[in-house]
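Data block below; observations after.
Quick note: the coordinates plus some simple rules give every number you see, no bench work behind them. On a predicted model such as this, the values are computed, not experimentally measured, just so you know. Heads up, the Cβs are rebuilt from the backbone with ideal geometry, glycines too, and the neighbour counts pull from every protein chain shown.
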Amino acid sequence: MRAAAGGAIIASMNSLQTPDFVSQRPRRVERLVAGQPTSDGAGVKLVRVLTQDLQRRLDPFLMLDAFGSDSRDDYIGGFPDHPHRGFETVTYMLEGRMRHRDSAGNEGLLTNGAVQWMTAGRGVIHSEMPEQEDGRMEGFQLWLNLPARDKLCEPWYRDIPSAEIPEAQAEGVHVRVIAGQALGVQGAMQREATAPTYLDVHLAPGARFDQALPPAHNAFVYVYRGALTVAGTEVPRQRMAVLANTPGSDGVVLTAGAEGARAVFIAGQPLNEPIAQYGPFVMNTNQEIYQAVEDFQAGRLA
Ligand code: FE
């Protein structure tokens, strides 16, 4: 078992793209996905945008949930104590307050614009509970897989307050760089095996944003305000565009519609390893899943 592999924050393996990068061979949209309205935890209403049937296509990403409601009944139950093993959870809070506590003794409060990056590794039991009685709660939770060699690493987590998330600007473009890089700005987090790019892109009406991306990286965009266009395909609000891995492509171009747009842009290097999931456990084989359930039931995840 490797020690603290999940905590390794390494310098990017790639050199920074120049701020004035212009994509010459941009990717197209392969398909649009609406996601599945569902509820999780203690009755939190959400839309599962990246569902289990897309895990292979969007490797190394396992799930993306979008939550957003002005109604307390939709979120007040929160996510009481539950386990995770074998991957990372990345929670991005657009608006609201959510308190995190875990069995490793970590505790943190996520507020507007903040990110929590948690490496479950060999296992944690944690709760994610709203710390507000009313008002709006809106954000995303992304599940990012770990390579087989790191699945049983020591758990790790980092709360990233909004002020510590690097931001990049271009004409009509404002990007919050959660992971990877954009417009010559290095993001808050880097990961060696999966090389994730996680951007919150704000576009003024008609503005254009070019992002360099290797063709092998799986990528998608989820629009949460306004609408945008990717290589001639309109991506409306509350839709995910899965981006084609066009051989020879050099990046992605997002162009906002007349009302402007806000979207999360997510990409990563596929692991190409078997995926075995049972609820909150994601391993490589069924045997490892049985072991995870057994370890959880025996109290060995706490
Ligand atoms: Fe959780």
Inset, instruction - Could you run the Karplus curve 6.51 cos²θ - 1.76 cosθ + 1.60 with θ = phi - 60° over region 36-44 and give me ³J(HN,Hα) per residue in whole Hz, x for Gly and Pro? - result: 10, x, 7, 9, 9, x, 9, x, 6
Legend entry - Euclidean distance of C-alpha centroids, region 188-252 and region 19-53, integer Å: 10 Å
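Using only helices, what value at 222 nm comes out for the chain when you add -39,500 (n - 2.57) per DSSP H run of length 4 or more and divide by the total residues, to the nearest 500 deg cm²/dmol?
Working: 1 runs with 12 residues, N = 302.
After summing the helix terms and dividing by residue count, I get -1000 deg cm²/dmol.
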Legend entry - Per-peptide average of other Cβ atoms within 10 Å, ordering 22-30, 95-103 highest first: 95-103, 22-30
Inset, instruction - Take the chain, connect every pair of alpha-carbon atoms lying under 10 Å apart with a spring to form a Gaussian network, then pick out the residue of P147, P19, P274 with the largest mean-square fluctuation. - result: P274
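Taking the mean number of other Cβ atoms within 10 Å as a proxy for protection, how do you rank 79-88, 105-114, 224-233 from highest to lowest?
Those peptides, ordered most packed to least, come out 79-88, 224-233, 105-114.
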Inset, instruction - Rounded to the nearest Å, what's the spacing between the alpha carbon centres of region 68-85 and region 102-128? Just the number, please. - result: 14 Å
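Divide, for region 81-133, the radius of gyration over alpha carbons by 2.2 N^0.38 Å, where N is the residue count.
Values: Rg = 11.0 Å, N = 53, 2.2 N^0.38 = 9.9 Å.
Here the Cα radius of gyration is 1.10 times the empirical estimate.
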